[in-house]
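Right, one structure below, let's go through it.
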Amino acid sequence: MEIALIHNNSLELGPMGFNVKYINADLEDLEVEERITPQSFSKLPIHFSDGLTHLLPIEKVVPENDSKYHNVGNFTWEIIEEDGVPTKVLLTYPITDKTLEEVKELRKQEVSPYRREKENTTISVNLNGTSVEVSTSREERLLLASKLSAAPGPHNFKFKNTWLEITTEELQTIVTEIDVKVQEAFDWELSKLQEIDACETIDDVYDVVIREQPETPRRFGLEENE
């Protein structure tokens with residue numbers, strides 16, 4: 001449950017959890033004599049002796065909405081009374097429609113993180129009849145580029161558990177194939193951004209496939225036996 005501290009019909013604290021330290025500090029600032037304890041939580045609403053200060057439970061009203069199409073705005077608040085005595089604070093949250101451009105920008109934010117995943121992978125490179133797995137991570141690319149510019153080959157390289165002596169030309173082949181894979185990821189990112197920009201409706205934007213789902217393996221021979 002969240003609570004609000006009301007003083008002289010003003011919202012002093014809240015919405016917040018039952019934080020004894022913060023509430024008591026505010027009571028001191030307001031020159032209210034009483035203090036609360038952790039056990040006071042079960043006694044809400046609490047009315048202090050000055051007649052102006054009240055610790056009240058909060059009720060939130062959030063109209064039905066769909067986060068794909070709507071925004072929940074900042075609340076307005078009012079004190080609910082019974083027989084002239086404050087009993088709770090009502091928070092009402094407005095709902096507004098998302099614009100097409102807003103949804104486009106939100107979906108674009110999903111593209112770059114997935115491009116980084118596609119950029120950082122492993123590829124198979126054939127070196128003189130031997131297939132090796134090479135990381136396309138930025139750290140690996142920097143290491144290979146540094147080695148390529150530092151000295152002529154041959155170079156001793158460890159690919160997972162396989163040691164190979166590779167020439168400068170073979171090292172250049174690795175760097176080139178990594179560059180091709182990385183460029184594919186950036187080309188993919190650009191195409192997705194362009195696809196989103198071309199959408200004419202919000203539903204069109206959500207229909208853009210950014211993260212491909214893995215295919216579900218087909219089940220053979222089970223349906224007949226079930």
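Only residues that are closer than 19 Å to residue 121 by Cα and in contact with a Lys or Arg (Cβ under 7 Å, 6 or more places away or on another chain) were counted across region 147-180, and they come to 2.
Filter region 63-101 for residues that are in contact with a helix residue (DSSP H, G or I) (Cβ under 9 Å, 6 or more places away or on another chain) and within 30 Å of residue 185 (Cβ to Cβ) and give the result. Within region 63-101, 68, 98, 99, 100 meet the criteria.
Going through region 77-93 one residue at a time, which ones are over 23 Å from the mean Cα position of the chain (by Cα) and either within 30 Å of residue 203 (Cβ to Cβ) or of a type outside the set (A, V, I, L, M) (or both)? Show your work before the answer.
Quick first cut of region 77-93, residues over 23 Å from the mean Cα position of the chain (by Cα) only: 77-92.
Within region 77-93, 77, 78, 81, 82, 83, 84, 86, 87, 88, 92 meet the criteria.
I'd like to verify a number: residues in region 141-194 that are closer than 24 Å to residue 113 by Cα, touching a strand residue (DSSP E or B) at 6+ places or on another chain (Cβ under 7 Å) and of a type in the set (Gly, Ala, Ser), how many? Going through region 141-194 one residue at a time, the tally reaches 0. Could we say that residue 134 is modelled with pLDDT under 95, buried (at least 16 other Cβ atoms within 10 Å of the Cβ), within 35 Å of the chain's Cα centre (by Cα) and not assigned by TED's automatic domain parsing to the domain that holds residue 70 here? Yes. Is it fair to say residue 74 is within 21 Å of the chain's Cα centre (by Cα), closer than 30 Å to residue 52 by Cα and not assigned by TED's automatic domain parsing to the domain that holds residue 200? In short, yes.
The values are calculated or read from the model by the stated rules, or taken from the named source; none is laboratory data. The structure presented is a predicted model; accordingly, all values stated were derived computationally and were not measured. We place every Cβ from the backbone using ideal geometry, glycine too, and count neighbours over all the protein chains shown.
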